[in-house]
Amino acid sequence: MLRLSNVRKIFNAGRPNEWVALDGVNLVIEPGKITALTGPSGSGKTTLLTLMGCMARPTSGRIWLDGQEMTSLPERFLTQIRRESFGFIFQQCNLIKGLTTLDNVMLPAYPTGEPFKSLRQRALQLLDLFSLTPKANAKVEWLSGGEAQRTAIARSLINDPRVIIADEPTAHLDTHLSNEFMEIVQQLNREGRTIILASHDPLVHQAEWISAVVMMRDGRVEEAG
Amino acid sequence: MLLHPAVIALLLTSLLSSILLLYSAYYGYLVIQQWDLSSGSELQLSLERRTYLISTILTYLFVFQILSLFLYLFTADSLHTLFVGAMCAAGTLHVNGYGYPALLLKIFNVLAAGVWLIVNFVDNRAYDYPLVQKKYVLLLVISPFILAETVMLAQYFLHLEPNIITSCCGSLFSEGAQSISSNLVSLPARIMGPALYLSMAASIGSGLGFYRTGKGGYLFSLLAAGAFVVAIPAVISFVSPYIYELPGHHCPFCILQREYGYVGYPLYAGLLGGVVAGLGVGALMPFRKRESLALLIPSVQKRLTLVSMLGYLVFLAIVTYCLAASNLVQ
């Protein structure tokens, strides 16, 4: 379970361009559920995701993951939690050009020190799961939009995370690919993973399989349920 | 003042260190006063982030502090040709009244800095900042001594006048003079020799016991400190005449010179390494049962014990070689 208590995030604090991205967010994300964060641009959805995924620290407030307080942890411990507990799917996929699909999927697991042979085997299994085996040795810039998105999902699963965080995952996908993505998300959820999506795409946050919708505006939670 | 490159380097780095130390001490004070891990306040989170910066600054600062002792000795030794009467660092340090106090402060600060680095190393490896307030209390204790050292060092270098006639080490470290150094020289060699080997053996023996059983950490730390306290006068009264092959020459600085193969540097480095690691073992003893440190501290203490024993063994090996290879018969 993810619990946020009075979380604030201020960028450029004390400067003329100070920006309060999050202002006193209290939130509980239930485990094993699909939670959608929605709201207009600039409402703080992405900032909230980065804080929940330990990619940034709040200006004030605390965040707990399964009872473990995360915001005070020294970076070496935070890196470990980020690597083991969270899988990230970004709006732009953020695949590394010049590397193959297989290499991109394996990359987040390199710091774990897992033997290359077993890591490669797991990555190939993930590619197979998403019907990407024929593209394993293709460079990612040659992939179609849907293939790139599925590669990004495979990459997010390589460390077998408990929580999948996806930021506007359907923003660049057509309806067919969006539906394909949402099928995969439901499948991951059925495996017991917690899914947190930030999206203002009605196709996503109005879907019947979404467990909870968190409405955000101006850095605050307007409605959660 | 002498515009010697090493003098300028020592003065500037010492000044810079003091400025950074004051900055760090200020945040250290805030940490001591305001630290509350259960709070999610902006101040607390800012202190948590700031402590990484302070810890990094202080690590570099204290590593330099340790190295600067040797640079200070090297500088004092290399400047001796500029002063009438000086034959080594002993004479250069005696040019005015600040040289020896600065040296004593430097030695004390090296020991304190070493212990702080050990405590900081352990604190940075735990998830809940278990020693954060204690290490900053230690920092506030050390800070006045490092600032005093900077003042003393500046006074020493600013008052270095090349036309001053100073004393050579032969007169400073002789039995006839009325000073602490001559008192050290006067200590009987037939007592200091065995005392040196016995204190080192006790320290290494207790270190072996602690390494094997994990018990007796305080005793080992105490004996390591005791061995250091015995070793310094023993080098002056007992070891140095064998190195120089002159029964009346007891200078602890001439051994830093080329004529004696710079043997003083590894000798003192082994001694300092031994005592700092030994003191570190004792400094960590009270925190062995803390939940987040229960696994970490015993392994760090084991490594420190090895370092301490190794340092003292290097020291003993050099001393024993110098005694065995000497043509001096007493």
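The values are calculated or read from the model by the stated rules, or taken from the named source; none is laboratory data. Since this is a predicted model, take the numbers as computed values, not measurements. Quick reminder, even Gly has a Cβ in these numbers, built from the backbone with ideal geometry, and neighbours come from all protein chains shown. These area figures cover heavy atoms from the full protein model, side chains too; ligands, DNA and RNA do not enter into them. Shrake-Rupley method; radii C 1.70, N 1.55, O 1.52, S 1.80 Å.
Among B:Pro188, B:Pro101, B:Pro252, determine the one that fluctuates most according to a GNM of chain B built with springs between C-alpha atoms less than 10 Å apart. Largest GNM mean-square fluctuation: B:Pro188. Spatial offset of the stretch B:206-284 relative to the stretch A:119-134 amounts to 61 Å, using the alpha carbon center of each.
Amide H contacts of A:Gly87 (H built 1.01 Å from N, in plane; Pro and chain starts excluded): A:Val163, A:Ile164, A:Ile165 sit under 5 Å, all sequence-distant by 5 or more or on other chains. Calculated on the Cα set of the stretch B:1-167, radius of gyration then Dmax: 18.8, 64 Å. Helix check for chain B. Which DSSP H runs span at least 20 Å along their own axis by Cα, with a mean Kyte-Doolittle hydropathy no less than 1.6? Both cut-offs are met by B:217-234. A cut-off of 5 Å between modelled amide H atoms, ignoring neighbours fewer than 5 places along the same chain, links A:Lys33 with A:Ile195. Just the C-alpha atoms of the stretch B:101-158: what Rg/Rh do they give, with Rh taken as the Kirkwood radius? Radius of gyration over Kirkwood radius for the stretch B:101-158 works out to 1.12.
Against the longest principal axis of chain A, how steep is helix A:75-85, in degrees 0 to 90 to the nearest 10, with axes from Cα atoms? The two axes meet at around 60 degrees. Shape analysis of chain B based on the Cα gyration tensor places the equivalent ellipsoid semi-axes at 37, 27, 13 Å, largest first.
Could you work out the mean projected area of the convex hull around the alpha carbons of the protein assembly as shown, in square nanometres to one decimal? Mean projected area for the protein assembly as shown: 32.4 nm², to one decimal. Taking GluC sites (Glu not before Pro) across the stretch A:10-75, the ones in a DSSP loop with at most 13 further Cβ atoms lying within 10 angstrom of their Cβ are A:Glu18. The GNM of chain B, with springs linking C-alpha atoms under 10 angstrom apart, assigns the highest mean-square fluctuation among B:Gln65, B:Gln133, B:Gln33 to B:Gln33. Within the stretch A:108-225, the proportion of C-alpha pairs whose separation exceeds 17 Å stands at 61%. Taking trypsin sites (Lys or Arg not before Pro) in DSSP loop states with no more than 10 other Cβ atoms inside 10 Å as exposed sites, chain B has its longest site-free stretch at B:1-214.
The C-alpha atoms of chain A define a longest principal axis, and helix A:175-190 lies at about 80 degrees to it. What a 1.4 Å probe finds exposed on the stretch B:1-158 is 74% carbon and sulfur by accessible area, rounded to a whole percent. With an 8 Å cut-off on Cα pairs and a minimum separation of 6 or more residues, tell me the relative contact order of chain B in percent. Value for chain B: 19 percent. Of A:Ile29, A:Ile153, A:Ile195, the residue with the greatest mean-square motion in the GNM of chain A, using alpha carbon springs below 10 Å, is A:Ile29.
The alpha carbon radius of gyration of chain A, expressed as a multiple of 2.2 N^0.38 Å, is 1.02. Counted by Cβ distance under 14 Å from A:Leu102, the other residues give a net charge of +4, where Lys and Arg count +1 and Asp and Glu count -1. Interface burial in the stretch A:70-90, defined as at least 50 Å² less accessible area with all protein chains than with the chain alone at a 1.4 Å probe, covers A:Ser72, A:Pro74, A:Arg76, A:Phe77. For the stretch B:21-59, a decrease in accessible area of 40 Å² or greater in the assembled protein chains relative to the isolated chain, with a 1.4 Å probe, applies to B:Gly40, B:Glu42, B:Leu45, B:Arg49, B:Tyr52. Entry comment: accessible area of the stretch B:116-166 is 40 Å² per residue, from protein heavy atoms only and a probe of 1.4 Å. When the pairs B:Lys215/B:Lys302; A:Lys9/A:Lys33; B:Lys135/B:Lys289; A:Lys33/A:Lys97; B:Lys106/B:Lys135 are compared against a 23 Å limit on Cα-Cα distance, A:Lys9/A:Lys33; A:Lys33/A:Lys97 fall above it. Rounded to the nearest 100, the interface formed by chains B and A buries 1200 square angstrom of accessible surface, both chains summed, with a 1.4 Å probe.
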